[in-house]
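Here's the structure we're looking at; comments come further down.
The values are calculated or read from the model by the stated rules, or taken from the named source; none is laboratory data. None of these values were measured; they are calculated from a predicted model. Quick reminder, even Gly has a Cβ in these numbers, built from the backbone with ideal geometry, and neighbours come from all protein chains shown. To get the accessible areas, we keep the full protein, side chains included, count just its heavy atoms, and leave off ligands, DNA and RNA. Shrake-Rupley method; radii C 1.70, N 1.55, O 1.52, S 1.80 Å.
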Amino acid sequence: MAKTAKAPPDVAKLTKAQARVEHLRLALELEGHDKRYYQDDAPSITDAEYDALRRRYGAIERRFPELVTAESPSQKIGAAPSGRFRKVRHAVPMLSLDNAFAEQDVIDFVGRISRFLKLGDGKIDFSAEPKIDGLSMSLRYEGGELVTAATRGDGAEGEDVTANIRTLHDVPQRLKGRNLPDVCEVRGEVYMTKQAFLALNKKQVEAGEAPFANPRNSAAGSLRQKDPAITASRPLGFFAYAWGEMSAMPEATQSGMIGWFERCGFKTNPLTRLCHSVEQLIAFHRKIEQQRAELDYDIDGVVYKVDRIDWQERLGFVSRTPRWAVAHKFPAERATTILRDIEIQVGRTGSFTPVGKLEPVGVGGVIVQNVTLHNEDYIKGVGGDGEQLREGRDIRIGDTVVIQRAGDVIPQVVDVIIDKRPKSAKPFHFPKKCPCPLRTDVVREETAAGEEGSRARCSGEFACPFQKIEHLKLFVSRRAFDIDGLGEKQLQYFFDEGWVKEPADIFTLQKRNAKLKLEEIEGYGETSVRNLFAAIAERRRISLERFIYALGMRHVGETTALALARGYGSWKAFHDAALKVAAGDEEAIAEMDALDQIGDTVIRSVGAYFGESHNRGIVERLTRELDEIIDAEKPKRNSAVSGKTVVFSGALERMTRDEAKAGAERLGAKAASSVSKKTDYLIAGPGAGSKLADAKKHGVTVLTEDEWLKLIGE
Ligand code: IVH
């Protein structure tokens with residue numbers, strides 16, 4: 001979200017006390033952004049905004065070096081790996097690049113290098129390359145064979161995504177050529193083309209899933225799949241541009257290495273050029289910026305690297321970045337246009353998103369017609385923490401607005417030009433009633449903490465037609481009932497015709513087809529109707545966790561649904577409990593509360609859902625149509641560790657931490673994330689760190705991974 005709150009005071013004018021406070025606040029903010037970007041693939045600010053925060057953070061540290069600690073985000077790269085995949089320690093750390101924004105920064109960069117190498121007027125050659133906005137990958141080849149592929153992670157340790165990377169066409173399983181060094185680590189960028197990204201997002205939305213914000217996130221999301229078949233179905237490319245451990249160097253220059261990568265069977269970026277002066281570097285930047293919009297992949301700048309590798313080695317690194325390379329970023333892409341209207345979109349849970357309808361305008365080669373305006377406060381010029389946005393300027397219909405696309409495909413309104421505001425400009429009045437025919441009252445959405453949030457929602461739940469259709473879309477989506485041949489388009493059609501009004505209706509379609517005659521609908525035909533009915537019939541047996549997820553209760557996503565399914569084991573047990581919770585039965589509430597990962601928000605939501613007779617009817621009619629809701633594996637009560645609280649820390653060798661936790665939970669143990677006096681066992685691998693000390697303090701039994709496996713009998 002673009003926050004143009006009051007400009008912060010000049011760093012040069014900060015007192016030390018002010019600097020300390022801001023330094024701490026920025027550190028927390030940057031850590032949060034790093035986590036959202038690297039682990040969740042869901043950044044909440046644009047790259048340009050992130051860079052601005054980092055710049056200010058760096059400026060404060062330069063003025064007050066005593067504030068720098070080993071924990072400072074400036075000393076780390078990205079965030080720790082997310083724990084879903086086995087970890088891989090990089091033989092050579094994967095580092096980051098320093099940024100240059102202005103031409104003067106580039107001149108300074110070259111000057112610094114020249115002074116460091118004591119070259120006088122001597123010339124330095126640079127390899128100039130586009131900076132691909134994807135995610136970096138390290139590919140390790142031993143004896144010419146691909147053995148591991150790892151993400152960058154925090155730079156020291158990444159995630160093992162070998163199985164997924166093997167599905168990429170651009171990554172050779174075996175290096176071509178002779179006399180290959182025994183160990184070669186080839187590094188580069190995995191990316192998704194813009195075209196593939198748009199097609200994938202269309203599919204995501206059709207399947208009722210959240211669209212990705214940009215190609216980078218969709219590439220990351222596609223790669224971090226537990227199932228390589230999903231990665232294989234997503235078109236990902238790879239450009240090689242760097243290396244990690246090499247048992248021998250086949251070439252003496254960066255440009256030579258690029259040629260070598262090609263001979264080994266890799267793609268390298270075709271726009272890469274050798275430059276011999278600062279002027280040529282800057283000309284390269286301009287030329288690539290002009291071509292940016294036409295490229296079918298996102299780039300966010302260019303990278304200059306000292307070409308001679310012996311010089312790179314002499315120049316070395318300053319904390320997290322090499323002295324011999326810099327990323328010369330592009331400014332964010334902006335455009336000015338007129339806001340014609342504001343429409344309200346109603347989501348599955350009834351939440352309203354105001355969407356700005358723009359006079360179409362080109363921003364960085366993409367025609368933009370819609371912008372999200374987030375919520376009522378955002379339009380008024382108030383941010384999530386009550387801070388001012390756009391210096392408090394509100395957004396009115398008829399206003400001239402500045403929109404920005406910074407790497408992201410979804411644009412933002414960064415400013416309103418008040419001087420151009422026409423007399424006829426209309427302030428937007430947020431609706432008090434849902435735009436659905438029921439005209440239900442609008443309430444403020446609750447935040448996860450149970451407070452009133454800034455978003456408005458319709459109070460009609462499934463009685464609201466907008467929510468009905470959104471719920472149906474969720475119901476048939478891949479992670480719920482996953483009904484082949486019943487995509488969003490067909491569903492909308494059936495809904496508009498009044499043939500499918502609620503989930504149970506899907507299962508009675510075949511019975512009613514003598515009258516409906518689906519095969520007569522254009523584009524359908526007998527075979528597809530037969531296939532559709534077969535796909536529906538197959539889903540009359542469904543796992544409990546999918547079933548609970550498919551009910552569409554607010555705050556009950558896939559993970560929560562799984563936790564509820566595991567907690568109760570059977571549909572009957574869950575259903576009985578949910579009805580009691582809805583009736584305010586304290587014992588049932590306490591029992592739900594005791595389940596792992598379930599808290600107040602979910603309990604309130606389950607209660608609200610089953611408290612509505614309308615919803616109970618939907619559920620009852622649906623369960624009547626099903627053959628079986630398959631029980632979930634309930635945690636064992638009589639294992640060696642049932643009822644115990646365990647914590648896993650450090651690196652595990654035989655399984656990922658998530659697997660270990662899930663295994664412990666299946667055996668009836670509670671897997672916690674920090675050690676306290678309630679902890680029974682700490683299972684500590686190498687690098688367990690502070691948790692070991694905590695365990696000692698609280699007298700907690702410490703086990704090795706093997707001892708743990710023995711204890712649980714594996
Ligand atoms: S060189 C020691 N070259 O940018 C630095 N990086 O901000 C090695 N990137 O983590 C990186 N295109 O993910 C290099 N042509 C290029 C690049 C590139 C994109 C990414 C890479 C890196 C990040 C640094």
Query raised in the report: How big is the convex hull of the Cα atoms of segment 417-573, per residue, in Å³?
Result: 194 Å³
Query - Residue order for HIS169, HIS614, HIS285 - accessible surface, 1.4 angstrom probe, largest first - result: HIS169, HIS614, HIS285
Query raised in the report: If you look at just the Cα atoms of segment 380-443, how large are its Rg and its Dmax in Å?
Result: 14.7, 40
Query raised in the report: In the chain, what percentage of the DSSP-assigned beta bridges are antiparallel, given to the nearest 5?
Result: 85 percent
**Report entry** Solvent exposure ordering (accessible area, 1.4 Å, most first) of LYS380, LYS203
**Finding:** LYS203, LYS380
Report summary line: Rounded to 0.05, the calculated FRET efficiency for the beta carbons of GLU591 and HIS169 at R₀ = 56 Å is 0.60
Query - Cα gyration tensor category, rounded, prolate or oblate, for segment 480-527 with a/c compared to 1.5 - result: rounded
Report task. Count the net charge of all other residues whose Cβ sits under 12 Å from the Cβ of ALA293, scoring Lys and Arg as +1 and Asp and Glu as -1. Result -> -2
Query raised in the report: With each run of n ≥ 4 DSSP H residues scored as -39500 (n - 2.57), what mean residue ellipticity at 222 nm is computed for the chain after dividing by its residue count and rounding to the nearest 500 deg cm²/dmol?
Result: -10500 deg cm²/dmol
Query - Stretchable slack from GLU262 to LYS202, in nm (0.36 nm times residue separation minus alpha-carbon distance) - result: 18.2 nm
Report summary line: On the formula 1/(1 + (r/R0)^6), with r taken between the Cβ atoms of ILE712 and SER44 and R0 of 45 Å, the FRET efficiency rounded to 0.05 is 0.70
Query raised in the report: How far apart, in nm, are the 7 Å Cα→Cβ label points at ASP600 and GLU245?
Result: 5.0 nm
Query raised in the report: Over the heavy atoms of TYR37, what accessible area does a 1.4 Å probe trace out, to the nearest 10 Å²?
Result: 50 Å²
Query - Total lysine pairs whose alpha carbons fall under 21 Å of each other in segment 673-714 (8 or more apart, or interchain) - result: 6
Query - Average accessible area per residue (Å²) across segment 563-607 - probe 1.4 Å, nucleic acids and ligands excluded - result: 46 Å²
Report summary line: Given pairs LYS131/LYS267; LYS131/LYS226; LYS226/LYS572 and cut-off 21 Å on Cα-Cα distance, the over-length ones are LYS131/LYS226; LYS226/LYS572
Requested in this report: Return one number: the angle in degrees, 0 to 90 and rounded to the nearest 10, between the long axis of the Cα atoms of helix 194-206 and the longest principal axis of the Cα atoms of the chain.
Outcome: 20 degrees
Report task. Using the heavy atoms of the protein chains and a 1.4 angstrom probe, tell me the accessible area per residue for segment 271-373 in square angstrom. Result -> 43 Å²
**Report entry** Pairwise label distance in nanometres, SER277 with LYS357, each label 7 Å out on the Cα-Cβ vector
**Finding:** 5.5 nm
Report task. Determine the share of the chain's accessible area contributed by carbon and sulfur atoms, expressed in whole percent, with a 1.4 angstrom probe. Result -> 50 percent
Report summary line: Here the gain from full extension of SER319 to ALA12, 0.36 nm per residue of separation minus their alpha-carbon distance, amounts to 108.2 nm
Report summary line: Measure of exposure for LYS131: accessible area at 1.4 Å probe, Å² rounded to 10, is 50 Å²
Query - Under 12 Å, Cβ to Cβ, from ASP631 - net charge with Lys/Arg +1 and Asp/Glu -1 - result: +1
Query raised in the report: Can you pull the accessible area of PHE494 for me, 1.4 Å probe, Å² to the nearest 10?
Result: 0 Å²
Report summary line: Counting only residues 5 or more apart in sequence or on a different chain, those whose built amide H sits under 5 Å from that of TRP243 are ARG187
Requested in this report: Consider a paramagnetic label point 7 Å from the Cα of ASN179 along Cα→Cβ; state which residues of segment 240-258 have an amide N under 14 Å from it.
Outcome: 248-252
Requested in this report: On a 0 to 90° scale, report how tilted helix 465-476 is relative to the longest principal axis of the chain, with both axes built from alpha carbons and the result rounded to the nearest 10.
Outcome: 70 degrees
Query - Ranking by accessible area, most exposed first, for PHE116, PHE547 with a 1.4 Å probe - result: PHE116, PHE547
Query raised in the report: How big is D for the chain, in µm² s⁻¹ as a whole number, if Stokes-Einstein is applied with the Kirkwood radius of its Cα pairs at 20 °C and 1.002 mPa s?
Result: 74 µm²/s
Report task. Compute the acute angle (0 to 90°) between the alpha-carbon long axis of helix 103-116 and the principal axis of greatest extent of the alpha-carbon atoms of the chain; round to the nearest 10°. Result -> 50 degrees
